[in-house]
Amino acid sequence: MPVFRPKIIGYYCQYCAYLSDDNFGKVKIPSNVKKCKLLCSGKLDILNILETFESGIDGIFVVGCKEDECRNINGNSRASRRVNYIKKILEQIGISSERIAVYNIEPESLFSNVFLEASAEMGKKIRGLGPIYK
């Protein structure tokens, strides 16, 4: 039986990542994780995320600015509220809310490390849950 490699998308805010975005070329992101830049984590679109899950993506995570340090004032708070709303919808339709998560980055953190840690954590969590559609 083949080993389950979950399909994961990691969204990230261009503002908390802008200084370290070039580091993506220097780190090895797992091949099952697709990275997607957002203008701000607050631009996360609920319908797009639900359609992404519907298409068969097993897990999604969002990396945004630390609370009270968002360049767009409250974009990270909007992202967190939207993810919490998505979690409720997922639970209502019988999909584990653990399939989506938000990570807030400290300004002094190396962005690529946070993205890698989130990728690893979500990968482990999603492998435990199994494929979104069996």
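Mind telling me which of the residues Ala101, Ala120, Ala79 ends up being in a helix (DSSP H, G or I), small (Gly, Ala, Ser) and buried (at least 16 other Cβ atoms within 10 Å of the Cβ)?
Ala79
Residues being surrounded by 12 or more Cβ atoms within 10 Å (Cβ to Cβ) and either of a type in the set (A, V, I, L, M, F, W, C) or assigned to a loop (DSSP other than H, G, I, E, B) (or both): count how many of those fall in the range 82-94.
Qualifying residue count for the region: 4.
Among Cys36, Cys65, Cys70, which is the only one that is touching a Phe, Trp or Tyr at 6+ places or on another chain (Cβ under 9 Å) and modelled with pLDDT of 85 or more?
Only one candidate qualifies: Cys36.
With Ile86, Ile57 as the choices, which residue is at pLDDT 95 or above, closer than 15 Å to Ile126 by Cα and not charged (D, E, K, R)? Talk me through it step by step, then tell me what you get.
On the way: Ile86 fails: closer than 15 Å to Ile126 by Cα.
The unique qualifying residue is Ile57.
The values are calculated or read from the model by the stated rules, or taken from the named source; none is laboratory data. All of these numbers come straight from a predicted model, not from anything done at the bench. Glycine also receives a Cβ, built like all others from the backbone with ideal geometry; neighbour counts cover every protein chain displayed.
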